[in-house]
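J.: My questions all concern the structure below.
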Amino acid sequence: MENLDVHVGSVEGKGNELIIREGQAAPIYVHKAFEYQAYSTDSLIRLIKSKASKEDCIIAYSDSGVQVILNDTVHDRDQDRLNYAFKHSQQYQEWEPLLKGGQLDQRQFIKFLQRREPDELLEIEPLMAALQNFKFVTNITGDFTFDDRNNYTFSMRVGEAEGTVRIPQMILVNMEIFNESGNIVPVEVEIEVVKPRSESEKVLFQLSCPKLPRYKQEAVAAEIAKIHAELDGYLIVTGKI
């Protein structure tokens with residue numbers, strides 16, 4: 001079947017003459033729905049209050065983020081939507097490789113700690129002092145032992161000098177997991193000392209956070225609680241829309 005162009009024409013009659021005018025019809029305007037993206041829970045809330053009607057808005061949340069239909073009464077076109085996929089803070093992004101088992105040597109660990117913000121890391125001074133005690137040591141021999149449940153003790157010998165260094169097995173980090181959330185939680189980060197297998201190798205420090213899934217779940221719950229508190233009277237459900 002051939003495609004046919006559609007023309008719009010008009011016919012006028014004057015006496016014995018017939019005048020026919022024809023041309024292309026103007027295209028029908030199709031309304032394109034608006035799509036808004038928020039990068040924090042506070043921005044999401046402000047956009048909803050600005051763009052949505054409380055009576056006609058639907059908000060759905062899950063562990064990964066929030067979806068919003070701004071006006072559910074619209075049926076003759078695509079509906080305007082707002083989305084927020086929970087966005088991690090810059091602080092969390094800097095820590096994430098270590099929270100998942102990253103390793104650092106002494107120099108890298110010290111540099112990382114020096115870049116922390118004030119009050120970000122609790123009791124940072126003893127840890128920094130312990131690391132700096134063998135900051136420039138390249139040849140370490142001796143035993144690694146536990147002196148209690150909270151610390152490692154290194155016995156080191158450098159030339160004729162001997163000494164010990166104590167490293168905590170756990171540190172507490174005041175962390176904001178989600179961007180601009182304002183929700184600061186103390187995160188337990190475990191330290192494991194990786195003993196060199198030869199004199200030419202460096203001591204390594206492996207960090208991890210076994211409770212990370214729990215912390216993230218609690219951070220999501222805090223963001224959802226904020227949405228409920230700030231958007232009282234809106235229809236808020238858990239799920240996908």
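J.: Show which lysines lie in cross-link reach of Lys54 when reach means a straight Cα distance below 23 angstrom and same-chain residues fewer than eight apart are skipped.
T.: Within the straight-line limit of under 23 Å, Lys54 reaches these lysines: Lys32, Lys226, Lys240.
J.: Now for a different question. Mind giving me the nanometre distance, one decimal, between the label points for Lys240 and Glu22, set 7 Å out from Cα along Cα→Cβ?
T.: In this crude label model, Lys240 to Glu22 measures out at 5.1 nm.
J.: Take the alpha carbon atoms of the stretch 33-97, find their radius of gyration, then divide it by 2.2 N^0.38 Å using N residues; give the quotient.
T.: The value comes to 1.28.
J.: So if we plug the beta-carbon distance of Val74 and Arg214 into 1/(1 + (r/R0)^6) with R0 = 45 Å, what FRET efficiency do we get, rounded to 0.05?
T.: Taking R0 as 45 Å, the efficiency between Val74 and Arg214 is 0.65.
J.: Using the Cβ atoms and a cut-off under 12 Å, what net charge is assigned to the surroundings of Leu235, where Lys and Arg are +1 and Asp and Glu are -1?
T.: Its environment carries a net charge of -3.
J.: Tell me the label-point distance for the pair Val193, Arg116, using the 7 Å Cα-to-Cβ offset, in nm and rounded to one decimal.
T.: Using points 7 Å along Cα→Cβ, the separation is 1.8 nm.
J.: Grab the other residues whose beta carbon is less than 14 angstrom from that of Glu120, score K and R as +1, D and E as -1, and report the net.
T.: Neighbourhood net charge equals -4.
J.: Per residue, how big is the convex hull of the stretch 65-107 when only Cα atoms are used? Give it in Å³.
T.: Per residue, the Cα convex hull of the stretch 65-107 comes to 87 Å³.
J.: Run through the stretch 60-128 and list the GluC sites (Glu not before Pro) located in a DSSP loop whose Cβ has at most 15 other Cβ atoms within 10 Å.
T.: When the GluC sites (Glu not before Pro) of the stretch 60-128 are filtered for loop state and at most 15 Cβ neighbours within 10 Å, Glu123 remain.
J.: Whole-Hz Karplus ³J(HN,Hα) for the stretch 210-226, in order, using 6.51 cos²θ - 1.76 cosθ + 1.60 and θ = phi - 60°, x for Gly and Pro?
T.: Running phi through 6.51 cos²θ - 1.76 cosθ + 1.60 with θ = phi - 60° gives x, 8, 4, x, 5, 4, 5, 5, 5, 5, 4, 4, 5, 5, 5, 4, 5 Hz.
Every number in this text was worked out from the coordinates using simple rules, so none of it is lab data. Since this is a predicted model, take the numbers as computed values, not measurements. Cβ coordinates were reconstructed from backbone atoms using ideal geometry, including for glycine residues, and neighbour counts include every protein chain displayed.
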